[in-house]
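In what follows, a single structure is set out as structure tokens and then discussed.
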Amino acid sequence: MNAKDYMAEARGQAAKPQGPVKAAAAKPAAPPPEAKAPEYRHIGKPTRRIDGREVVTGRAAYTQDIKLRDMLIGKILRSPHAAAEVLSIDLAPALALPGVFAALKLAESKVRYAGQQVAAVAAVDERTAEKALSRINVEYKTLPYVVDWEKARDASAPQVRDGKGNVEKFNEYSRGDVEKGFAEADVVVERTYRTAFEIHNPAETHGSVAYWEGDHLVVYDSTQNVHGVRDGLARALKVPAANVTVIKKYMGGGFGSKLGLNEQTVAAANLARETRRPVKILLSRRDNAVCVGYRPSSLQTYKVGAKKDGSLTAFSLVNYASGGVGAGDEVSEPVVDIYKCPNCKVEEFTVFTNTGASRATRAPGHTQGALGLEGVMDELAAALDMDPLELRKKNYSTRNLGDTGLPYSTKGLDTCYELGAKAIGWERRNRKPGDGSGPVRRGIGVATSIWFGAGVPGTLADVVLYPDMSVEVVCGTQDLGTGTRTHMAVVAAETLGLEPKDITVKLGNSDYPWAPLSGGSLTTPSVAPAVRDAALKAVDRLKAVAAARLKVAADDVAMGDRKFFAKSAPEKTVAFADVYRDLRRETPFHGERTGYPGDAYAFNTFGAHFAEVEVNVETGRIRVLRYAAAHDSGQIINKLTAESQVVGAVTQGLSAGLFEERVMDDTTGNPVNPNLRDYKIATSLDIPEITPIFVDVVDTRLNNLGAKGLGEPPRIPSSAAIANAVYNAIGVHVREIPMTPQRVLAALKRKGAGS
Amino acid sequence: MEKNSDKKHPGGVSRRDFIKGMGTGALGTAVLPPLLGQTIATRKGRVPVYDKKTITLTVNGKKASLTVEPNETLLDVLRDRLDLTGAKKVCDRGECGGCTVLLDGAPVYACMYLAIRADGKAVKTVEGLAEGEKLHPVQEAFIEKDGYQCGFCTPGFLMTTSAFLEKNPAPSLDEIKQALSGNLCRCGNYAKIYGAVDTAARKMRGA
């Protein structure tokens, strides 16, 4: 899936054409904008994961663990060259090897990056498959290539795409008159910020197991999108979508790299078709650095103008992003949206190189954009001699597009600022950046998050009641480790008056009711309301059945303590078990996510992060000491797993801010750190105390629970808050992540030179 | 934690890749047969050269005898031959701890440990942590404190933690951080894992 489709999905646009949604949009409910959070028994409280026992006993079956009878192991041969013509591929020596069942050519006439697939084999075991790959003869004619995106901007650089330049404008935006805005400003600040290529590196590498039952294809896939992979496979293999089933029981992380159909899934399905046996293909750790995406780099130049009192008069942004043979990310959404500013102009360019295509990476574009925008806000605050938090509050907007567009349905960012500042002790910061002395300096920084997370109308879920009082909730969504299974159980249990452990949850199968991909922070706001809708219908039926037993009107029936009773005569009761038994057969109820009057309001999620750091100005080493992350993501469904989302996202932002960078080797066209030793990620030794805070702003216009997404919002400002804290500590903004000791020392030198 | 080095030789082939490739690669075919059954000199004295070897492991309390190739890792033997898929293959080169199992009570990276070296030893995997349906306190604590997200690295964390708490029943936060530093969690849930380890320690102390 490319970044553009992903962003459309994230904005909740993908499923808009679906029938029932229109009906709902025609008569938008008009509840009070900020309803007080209702009193729930389970929703919003901490609930332990219902699948915890499976995971901690090692019984949870991930795609890597799937083993089927007569299963073959597939392996993919990849190009060592960053650009080459493929003159010939000779599979015969591989096929001659005992134990090899099939081989396929995958490369077309040209390869455009090192790691691009060339051929595949299926063999009796991994070693035989590896040996078979080494027997395949490929004749290449190598071509000039460029893997350094800054060199790729030169007109003389090798062209990555035939007959097209390497630089392409992919986004522009303008409102008001920026020249006029800058002319009106008392202070103008212009700064450039850089972000690196970050590799997703999920713990479980991409992998698929495919087999055919007659003309029906079944695939176990480590995916964030069972329905999307099903549709993609149907197209790729030219079979009806109805004849494809994609299953994902457990998965070891994705972070955006598993949103679409993967090449190895198609190869496994084709090899399985040819051999009539199940075929399993797992990618290697190295493959994760070359062919399944990464976060594109960015080089963002911001110019901002403001009056003496801090009110913004104009913003401009020029961004160069690189996504290899794929696209760069739009980083401009935060600057366009979040602060009140009448004049704004954006131009974004992508730079093509001979490296694998980028993929959506947890909050694509926004994390990069937050680093730049929030950096320049702090540098502006210093130029105005103003508190950075006051500057943000001064330009607080209540409508999107910098206060020129639709009103936000709800926006709890002001509360996030307030609670986050209190938690970190904002008053302890240096009044002027770099005020401290000595070799170890402390600083505190803030950064803001805006994201989508409204969910996708049209999402479906079933609640099935059984006469033995078991309850099943079924939805073709995915649990990435985010806790979706438990959310579904929490919502069903809350609505039906049961406990989460009473609910059997079925998900991760494309034969189940439609749900969108798990990305864009849209799983909870799509799935939870659909489950709620189905469960409310189930309750209506149960009340009707109970009413017959109690010999009262259905609207006189209430429930509590696993009983139904008559409101008019509370001593008249009937136990849940008797009412369920009266259903006589399992009874499904179909729920759908509706709501979303998107033409009248803007629906967004917000957050404010605060970091305290310590910087050694002699070694350049940064330590994050304390962290507070406040979020408005509407109604929280499960506080326990919500906290984990925040803690994890802060940790990933810390990791990207201090350590993570894919480095390409000019002389070979390959990455030099395609592993977990040389590509540094945060370890347990790097993590501060992290305080997650949720401000309960329930958006009842949006859906029946007022729930919004949380997966991405805490990832957005986490590198930026740390970068701003470092600025507050040492008095110079590093302006580039990862903030390695070398870059910190270079920044200090820049400060010494007075620029 | 046993640390195995994986230093690249100047030619770009790591010691481990070399050993793994010997059984099946062209080099192995050419070099090994004349040496089979013989001994060769190493820095640690003379060692025998095997083709295949029958080893006996005690895995989660049960004896298992099987014939392994000299280049098979303990991880592959556990996952592919004994169907114990709890230990995960994450990096396959000793960088992340996802495959951590206990060998005679001490945590090792199973991906860096040749199966023949485990001959005669007791192996404990995550599948052997609970006693029947009764979860180990470490397992209970990871559920209670939400000490994981995707759960893929969790078996490794559980094994490291269980061995660590046997040695240090009342660790400080810094000691917990040190003990876990050989296990990577890409979901980034460390801050929750600290709480889980602390809770597990209390449970095990009966506090």
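Within the range A:645-657, does at least one residue satisfy the condition of being within 14 Å of chain B (Cβ to nearest Cβ) and open to solvent by 10 Å² or more (accessible area, probe 1.4 Å)? Reasoning before the result, please.
Going residue by residue through the range A:645-657, those that are within 14 Å of chain B (Cβ to nearest Cβ) are A:645-657.
So of that shortlist, the ones also open to solvent by 10 Å² or more (accessible area, probe 1.4 Å) come out as A:645, A:652.
Yes, the range A:645-657 contains a residue that is within 14 Å of chain B (Cβ to nearest Cβ) and open to solvent by 10 Å² or more (accessible area, probe 1.4 Å).
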- Item | Failed item in (1) within 8 Å of chain B (Cβ to nearest Cβ); (2) open to solvent by 10 Å² or more (accessible area, probe 1.4 Å), with A:R623 passing the rest | (1)
- Query: Among the helices (runs of 4 or more DSSP H) confined wholly to the range B:129-202, which include 2 or more residues that are more than 10 Å from chain A (Cβ to nearest Cβ) and open to solvent by 10 Å² or more (accessible area, probe 1.4 Å)?
  - Reply: B:154-167
- Counted residues in the range A:130-157 being more than 31 Å from the chain's Cα centre (by Cα), touching a residue at least 24 places away in the same chain (Cβ under 8 Å) and open to solvent by less than 40 Å² (accessible area, probe 1.4 Å) come to 4
- Query: List pairs: first in the range B:171-184 and more than 16 Å from A:E689 (Cβ to Cβ), second among the hydroxyl-bearing types (S, T, Y) and assigned to a loop (DSSP other than H, G, I, E, B), Cβ under 7 Å, 6+ apart or cross-chain?
  - Reply: B:S181/A:T683; B:L184/A:T683
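Listed residues A:E168, A:E126, A:E130; which is more than 14 Å from chain B (Cβ to nearest Cβ) and either hydrophobic (A, V, I, L, M, F, W, C) or touching a strand residue (DSSP E or B) at 6+ places or on another chain (Cβ under 9 Å) (or both)?
A:E168
Answer yes or no as to whether A:H216 is closer than 23 Å to A:R362 by Cα and not assigned by TED's automatic domain parsing to the domain that holds A:T651. Give the steps one after another, and end with the answer.
On the way: closer than 23 Å to A:R362 by Cα: no; not assigned by TED's automatic domain parsing to the domain that holds A:T651: yes.
No; evaluated as a whole, the condition is false for this residue.
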- Out of A:K180, A:K249, A:K280, which single residue is modelled with pLDDT of 95 or more, surrounded by fewer than 20 Cβ atoms within 10 Å (Cβ to Cβ) and within 14 Å of chain B (Cβ to nearest Cβ)? A:K249
- Out of the range A:232-243, which residues are closer than 28 Å to A:R485 by Cβ, of a type in the set (A, V, I, L, M) and surrounded by fewer than 24 Cβ atoms within 10 Å (Cβ to Cβ)? A:A234, A:A241, A:A242
- Item | Only one of A:L542, A:L507, A:L536 that is outside the structural domain of A:R701 (by TED's automatic domain parsing) and within 28 Å of the chain's Cα centre (by Cα) | A:L507
- Item | strands (runs of 3 or more DSSP E) enclosed by the range A:404-492 - at least 2 residues per element that are outside the structural domain of A:E712 (by TED's automatic domain parsing) and either open to solvent by less than 30 Å² (accessible area, probe 1.4 Å) or at pLDDT below 95 (or both) | A:460-465, A:471-474
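Of all strands (runs of 3 or more DSSP E) completely enclosed by the range A:554-601, which ones contain at least 1 residues that are open to solvent by less than 70 Å² (accessible area, probe 1.4 Å) and acidic (D, E)? First the steps, then the outcome.
On the way: elements: A:557-560, A:563-566, A:573-575, A:587-592.
Filter on the range A:554-601 gives A:587-592.
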- Message: Take A:P202 and tell me if it is at negative phi and within 14 Å of chain B (Cβ to nearest Cβ).
- Response: yes
- Task: Identify the residue in the range B:92-122 that is part of a loop (DSSP other than H, G, I, E, B) and free of Cβ contacts under 8 Å to residues at least 40 places away in the same chain and, among all such residues, is nearest to the other protein chains (Cβ to nearest Cβ).
- Result: B:D92
- Among (1) away from chain B (no Cβ under 14 Å); (2) surrounded by fewer than 22 Cβ atoms within 10 Å (Cβ to Cβ); (3) charged (D, E, K, R), where does A:R286 come up short? (1)
- Could you list, in sequence order, all residues of the range A:506-521 that are surrounded by 24 or more Cβ atoms within 10 Å (Cβ to Cβ) and in a strand (DSSP E or B)? none
- Task: Among the residues of the range A:602-620, write down those that are of a type in the set (A, V, I, L, M) and open to solvent by 10 Å² or more (accessible area, probe 1.4 Å).
- Result: A:V617
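Residues checked against (1) among the polar types (S, T, N, Q); (2) under 28 Å from the mean Cα position of the chain (by Cα); (3) in a loop (DSSP other than H, G, I, E, B):
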residue	(1), (2), (3)
A:D231	no, yes, no
A:A234	no, yes, no
A:A268	no, yes, no
A:S284	yes, yes, yes
A:S298	yes, yes, no
A:K303	no, no, no
- Would you please name the residue that is surrounded by the most Cβ atoms within 10 Å (Cβ to Cβ), looking only at residues in the range B:37-70 that are among the polar types (S, T, N, Q) and out of contact with any helix residue (DSSP H, G or I) (no Cβ under 9 Å at 6 or more places or on another chain)? B:T58
- Message: If a residue must be in contact with a strand residue (DSSP E or B) (Cβ under 9 Å, 6 or more places away or on another chain), within 11 Å of another protein chain (Cβ to nearest Cβ) and in a loop (DSSP other than H, G, I, E, B), how many such residues does the range B:70-90 contain?
- Response: 8
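Out of curiosity, is A:E712 more than 14 Å from chain B (Cβ to nearest Cβ) and closer than 22 Å to A:S298 by Cα? First the steps, then the outcome.
Numbers: more than 14 Å from chain B (Cβ to nearest Cβ): no; closer than 22 Å to A:S298 by Cα: yes.
No; evaluated as a whole, the condition is false for this residue.
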- Query: In the range A:49-71, what residues are in contact with a strand residue (DSSP E or B) (Cβ under 7 Å, 6 or more places away or on another chain), more than 8 Å from chain B (Cβ to nearest Cβ) and not hydrophobic (A, V, I, L, M, F, W, C)?
  - Reply: A:T63
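So that you can scan it fast, the table gives a plain yes or no per residue for (1) more than 10 Å from chain B (Cβ to nearest Cβ); (2) of a type in the set (G, A, S); (3) open to solvent by 10 Å² or more (accessible area, probe 1.4 Å):
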| site | (1), (2), (3) |
| --- | --- |
| A:I637 | yes, no, no |
| A:D665 | yes, no, yes |
| A:I681 | no, no, yes |
| A:S684 | no, yes, no |
| A:F694 | yes, no, yes |
| A:I716 | yes, no, no |
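Look at A:A82 and say whether it is crowded, with 24+ Cβ neighbours inside 10 Å, in contact (Cβ under 8 Å) with a residue 60 or more places away in the chain and either of a type in the set (F, W, Y) or part of a loop (DSSP other than H, G, I, E, B) (or both).
On the way: crowded, with 24+ Cβ neighbours inside 10 Å: yes; in contact (Cβ under 8 Å) with a residue 60 or more places away in the chain: yes; either of a type in the set (F, W, Y) or part of a loop (DSSP other than H, G, I, E, B) (or both): yes.
Judged against the criteria, A:A82 is a match.
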- Message: As an exercise: evaluate A:R750 against (1) under 22 Å from the mean Cα position of the chain (by Cα); (2) away from chain B (no Cβ under 14 Å) and give the number of the one condition it does not meet.
- Response: (1)
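The values are calculated or read from the model by the stated rules, or taken from the named source; none is laboratory data. The structure displayed is predicted, hence computed values, not measured ones. FYI the Cβ positions are ideal-geometry reconstructions off the backbone, even for glycines, and counts take in every protein chain you see. Side chains are part of the model used for accessible areas, which takes the heavy atoms of the whole protein and leaves out ligands, DNA and RNA. Shrake-Rupley method; radii C 1.70, N 1.55, O 1.52, S 1.80 Å.
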